[in-house]
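Notes to accompany the following structure.
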Amino acid sequence: MPVTTLKSAQKFEDKGHAEVEFVGFRYTGDASMKADLDIRERAGYNGPAKFQQGQVYLALLPTYLDPNHVENANMGVHALEARNDFEVIYDAKRLAEALLERNYLPPEVFYEGFDRYKRKKLFEKLSLDDHGRVFGKDDEEPYRDGLRAIAGIERDEAAEVSQQRTDEYIQRFSRSQAADIVRTLQAPATDPPFEPSDHTIDELEAKLETDDDEKWDDETLEVLYVAEQNGDDRAGARNAIEDVLGDSVETDSVIDLETAGLTDMAEFLTRFEPDVVETTVAEVTGEE
């Protein structure tokens, strides 16, 4: 999520013909994604012209343009405010929240080689303390603490540890290695009483029907559920098992390894204790 601006906006401000402010804006319309070149041309936004619903985009936009010196004095936040499908965000608290939610500090503002103009505008708007330039992830923490203070968000150490583990696994494993590790971890500890994929959905429903005194226990049903997910993964079969299990089933207990990316798999690994993951890694890869 870069902070974008037009060079002309900075040029006009340097001459005293404009006021430029660090703001956020988001698409609030009905579509999941909005492609709109008009935002770029009329608002002075220099980023991609596609906007995801609800996502906050950050920019330095003119809040005032002197009509005596600027031909298109209506360019800037005015163009966004005139729309009923976009919201402009000026509040420092919400802007800090947006930066934290994306888990991303714009390099052009924080990292070595930063843009001085963008950095000055963002720091002024948020009243963010300057802790020097950032060279790596470890240097980001003072700024993240500052953003949390502005946003009124307490530090979530558990989430930070989870993110650190995710980053470590992404760096450490290839996608195929991660898939082998996840596949081993999400395999049921015990074999299912029968293979659900060997039965049609009607046959499965019939096998699951029992008298009150012969009910399937939850553990066995969960093993069947995971076996189906790891096998044919038929929606009807999963629904049949869910109907018997009720609220006990954990439908997110496994992930689809065919469609999951490396990040998804790395995040999945953080559900397990580190020593459990390391034992599985040694088993799968032979890594000590």
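The values are calculated or read from the model by the stated rules, or taken from the named source; none is laboratory data. The structure presented is a predicted model; accordingly, all values stated were derived computationally and were not measured. Quick reminder, even Gly has a Cβ in these numbers, built from the backbone with ideal geometry, and neighbours come from all protein chains shown.
Overview of results
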| read-out | value |
| --- | --- |
| Those residues of the stretch 46-78 which are within 23 Å of the chain's Cα centre (by Cα) and crowded, with 18+ Cβ neighbours inside 10 Å, in sequence order | PHE51, VAL56, TYR57, LEU58, ALA59 |
| Which listed residue, of TYR90, TYR111, is surrounded by fewer than 15 Cβ atoms within 10 Å (Cβ to Cβ), under 30 Å from GLY132 (Cβ atoms), at pLDDT 90 or above and under 24 Å from the mean Cα position of the chain (by Cα) | TYR90 |
| Hits in the stretch 172-203 - residues which are in contact (Cβ under 8 Å) with a residue 12 or more places away in the chain, loosely packed, with under 15 Cβ neighbours inside 10 Å and among the basic types (Lys, Arg) | none |
| Enumeration of residues in the stretch 78-87 that are at pLDDT 90 or above and under 17 Å from THR5 (Cα atoms) | LEU80 |
| Those strands (runs of 3 or more DSSP E) lying entirely in the stretch 1-116 with at least 2 residues more than 30 Å from ARG155 (Cβ to Cβ), in contact with a helix residue (DSSP H, G or I) (Cβ under 6 Å, 6 or more places away or on another chain) and in contact (Cβ under 8 Å) with a residue 12 or more places away in the chain | 18-27, 56-65 |
| Flag for GLU81 being within 19 Å of ILE39 (Cβ to Cβ) and surrounded by fewer than 17 Cβ atoms within 10 Å (Cβ to Cβ) | yes |
| Any chance GLU168 is at pLDDT 85 or above and within 24 Å of ARG271 (Cα to Cα) | yes |
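For every residue, the table says whether it meets (1) under 20 Å from the mean Cα position of the chain (by Cα); (2) charged (D, E, K, R).
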residue	(1), (2)
ASN103	yes, no
PRO106	yes, no
GLU141	yes, yes
ARG155	yes, yes
SER174	no, no
